[in-house]
Structures are given as structure tokens and as C-alpha cells.
Amino acid sequence: TEFAVGLKLHVETAPYYGVQAGATLFTSYGNGEEDFEGVPFFDENNDNYGIIGEAYLKGTFSDTTLVLGRQSFDTPFADSDDIGMVPNTFEALTLVNKDLQDTTIFFAQVQKWSGVDSDVPSKFTEVNGNKGMQILGISYEGVSKTTLSGWFYNLSDEVKISYLEANYEDETDRFTYSVAMQYAFQDYDSGESSTVYGVAASLGVKKVGITTTIAYNTVDGIAADNFFGGGPFFTNAEHNTLREAGPDGDIILYTLEWDASVIGAEGVNVVANIDMHQDDSREYDLGMEYAYSDTVNFSAVFSDVEKDEDAFQNLRIFANYSF
């Protein structure tokens with residue numbers, strides 16, 4: 001059993017001619033356990049740690065925002081993945097532009113990263129040596145009820161990653177429904193590659209507050225990778241992801257979500273997942289969130305992972321207070 005108390009202390013100056021400075025301190029203190037199964041709360045040695053995860057200058061000029069320094073952002077293959085005590089953050093130069101109608105353009109030059117998914121969470125380490133990683137993304141929302149996005153990642157002399165996603169969402173008086181598709185191509189300079197296809201569909205019944213989702217991913221080639229975060233794949237669960245499916249893998253994910261506000265329990269949401277791999281590996285997740293107020297919320301996730309000798313159970317409980 002691991003217990004941890006974490007602090008996120010964020011400060012940001014008021015804009016001065018469109019320019020701001022900001023910083024965030026993250027800490028995690030408690031009792032780290034050796035050979036702990038699940039998402040770790042502590043550093044690579046299971047020790048307490050603190051880190052200045054964000055320290056940046058941000059300039060906002062018309063429809064363009066430029067950020068230089070340590071920062072948090074979320075893209076398909078580089079994201080915060082806030083599933084533990086300290087999220088992933090990146091040392092980078094990022095630019096976000098919205099000059100074109102219904103279009104967002106994202107560019108980043110990433111040099112270092114730290115956080116829950118990195119090998120050394122307690123400090124910033126290099127991404128692809130001193131070459132870093134370049135990210136270009138475009139999202140378009142000009143089609144009714146549809147979001148289209150395309151991303152490209154370049155890690156020179158290592159791998160090039162292409163990613164496409166399309167999402168359609170709509171609702172009636174009684175139902176909500178959505179359909180999504182994704183494609184990823186991870187092309188390594190070694191000559192190996194991984195091609196991923198994915199589809200997901202959901203249906204929600206407003207009267208009872210229940211939404212059901214089914215998702216499917218298949219891999220052609222070597223094992224898919226999440227790279228610098230939790231990964232974008234529709235079938236990724238709390239612990240097992242498409243990466244764990246291995247070469248030429250397949251996964252089906254079933255999800256059932258219940259919004260308990262329909263019976264007067266405001267702020268309560270319950271989610272259950274069944275993640276099924278072609279090699280008979282299974283993961284069962286049951287999670288609950290309770291937003292007590294704007295400043296206090298609770299969440300818990302229980303996972304039962306079945307995979308030969310790597311089978312384990314994991315319970316994570318979080319209590320968050322914002323001030």
C-alpha cells in the first residue's frame with residue numbers, strides 16, 4: 001500500500017503588454033513501496049520528491065499564443081497523463097494559432113520532459129538527445145458536429161509519427177451519440193513500423209444517465225507505442241494500453257458510464273471498463289468521481305489486471321482540495 005500527499009502550487013503574473021510569467025511546483029510525499037504494482041506516486045527510486053514542473057514565459061498576441069519554458073500541454077503522443085501525483089510536463093517552445101476560422105494550429109519544439117510516464121520523474125531529461133522533438137498539429141471544427149485533427153511528430157534519426165482522428169457527436173431530446181475513427185503510423189528509422197487503426201462508438205440515454213461505449217484497435221507491425229504520455233488509442237485502459245497488446249495486437253474495450261445526477265446525486269459519476277486483448281489478457285476497471293464543491297473533489301479507481309504472471313490488483317484513491 002502506498003500513501004502520498006501532493007501539492008500543486010501555481011502562480012502566474014497578470015499580463016503586461018500580453019506577456020505573462022508562470023511557475024508550478026509539484027510535490028509527492030509519503031511511503032513508497034518497492035516492487036509496487038500499478039501507477040507509481042514517487043520517483044524512480046520510490047522516494048519522495050518535488051519538482052518545478054512549470055516555469056515559463058507566455059505571450060498572447062491577437063490569435064497567437066507563444067509559450068517558452070517548462071509547461072503542460074496535451075497532444076496525442078505527448079500529454080500530461082494526470083493519473084498519479086505529478087503529471088508529465090515538457091521543456092519546450094510552443095505556438096498555438098487560431099487565425100483561420102474554426103482552425104487551431106499547434107507547433108512545438110520539445111527538448112526535455114518529466115513526470116509520471118518518464119523514466120526519471122523527479123527531473124527533466126532529454127527527449128531524443130539534444131535534437132529534441134518537433135510537433136505539428138492542426139484541428140478543424142468547421143464541419144457541423146465534427147472535429148478533424150492531424151498530427152505529425154519528428155524525432156530525428158529515431159521515428160516519425162503520423163496521426164489522424166475524426167470525431168462526430170450529436171444528441172436528441174432523449175439520446176446522445178458519437179462515432180470516432182483514428183489512424184496512426186509510427187515509422188522507425190531502423191526500418192520497422194507500426195500501423196494502428198481504431199474505431200469507437202457511444203450511445204447515451206439521458207433519462208437514466210447511462211452512456212455505453214465500444215472501441216476497437218488493431219495493430220499491423222511491431223507493438224504500438226504511447227511515447228510521451230498515456231497515448232491516444234481508444235482502447236487504452238488504466239494500466240493496459242495498446243502497447244501491451246504487442247505486435248499485430250487487437251483490443252476491444254467496453255465502457256459503461258453512469259451520471260448519478262439523474263437520481264439527485266449531483267457530482268457523482270461511475271465508470272466501468274472491460275479491456276480485452278487477443279492473448280486473453282483482461283483488465284477490469286471500476287471508477288467513481290464525486291465533485292463535492294468547486295474546490296473539493298474525490299475519485300477512486302479499482303483495477304483487476306489478468307495477464308499470466310503479471311496479474312495484479314490496484315486501488316487508487318484521490319482527494320483533491322483547490323484553494
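Some points to look at:
- Some residue of the stretch 74-90 being surrounded by fewer than 18 Cβ atoms within 10 Å (Cβ to Cβ) and either hydroxyl-bearing (Ser, Thr, Tyr) or farther than 24 Å from Gly231 by Cβ (or both): no
- Of everything in the stretch 175-214 that is in contact (Cβ under 8 Å) with a residue 24 or more places away in the chain and outside any strand (DSSP E or B), the residue that is farthest from Asp275 (Cα to Cα) is Asp189.
- Residue check for Gln71: within 30 Å of Lys160 (Cβ to Cβ) and surrounded by fewer than 18 Cβ atoms within 10 Å (Cβ to Cβ): no
- Strands (runs of 3 or more DSSP E) (entirely within the stretch 112-174) containing at least 2 residues that are open to solvent by less than 30 Å² (accessible area, probe 1.4 Å), of a type in the set (Val, Ile, Thr) and modelled with pLDDT under 95: none
- Residue count, the stretch 230-260 (criterion: open to solvent by less than 40 Å² (accessible area, probe 1.4 Å) and in contact with a Ser or Thr (Cβ under 7 Å, 6 or more places away or on another chain)): 9
- Total residues in the stretch 188-215 satisfying the condition of being among the hydrophobic types (A, V, I, L, M, F, W, C), open to solvent by 40 Å² or more (accessible area, probe 1.4 Å) and either closer than 21 Å to Glu266 by Cα or in contact with a Leu (Cβ under 6 Å, 6 or more places away or on another chain) (or both): the figure is 3.
- From the list Gly59, Gly53, Gly30, Gly22, the one residue that fits, being of a type outside the set (A, V, I, L, M) and at pLDDT below 95, is Gly30.
- Among the criteria (1) touching a strand residue (DSSP E or B) at 6+ places or on another chain (Cβ under 7 Å); (2) touching a residue at least 40 places away in the same chain (Cβ under 8 Å); (3) open to solvent by 70 Å² or more (accessible area, probe 1.4 Å), the one Glu44 does not fulfil is (1).
- Residue within the stretch 120-128 that is of a type in the set (A, V, I, L, M, F, W, C), over 20 Å from Thr65 (Cβ atoms) and touching a Ser or Thr at 6+ places or on another chain (Cβ under 9 Å) present: yes
- As a summary of the residue check, Asn217 satisfies the conditions (1) in contact with a Ser or Thr (Cβ under 8 Å, 6 or more places away or on another chain); (2) among the polar types (S, T, N, Q); (3) under 19 Å from Tyr163 (Cβ atoms); (4) assigned to a loop (DSSP other than H, G, I, E, B) except for the one numbered (4).
The values are calculated or read from the model by the stated rules, or taken from the named source; none is laboratory data. Note that this is a predicted model, so its numbers are computed, not measured. We place every Cβ from the backbone using ideal geometry, glycine too, and count neighbours over all the protein chains shown. Side chains are part of the model used for accessible areas, which takes the heavy atoms of the whole protein and leaves out ligands, DNA and RNA. Shrake-Rupley method; radii C 1.70, N 1.55, O 1.52, S 1.80 Å.
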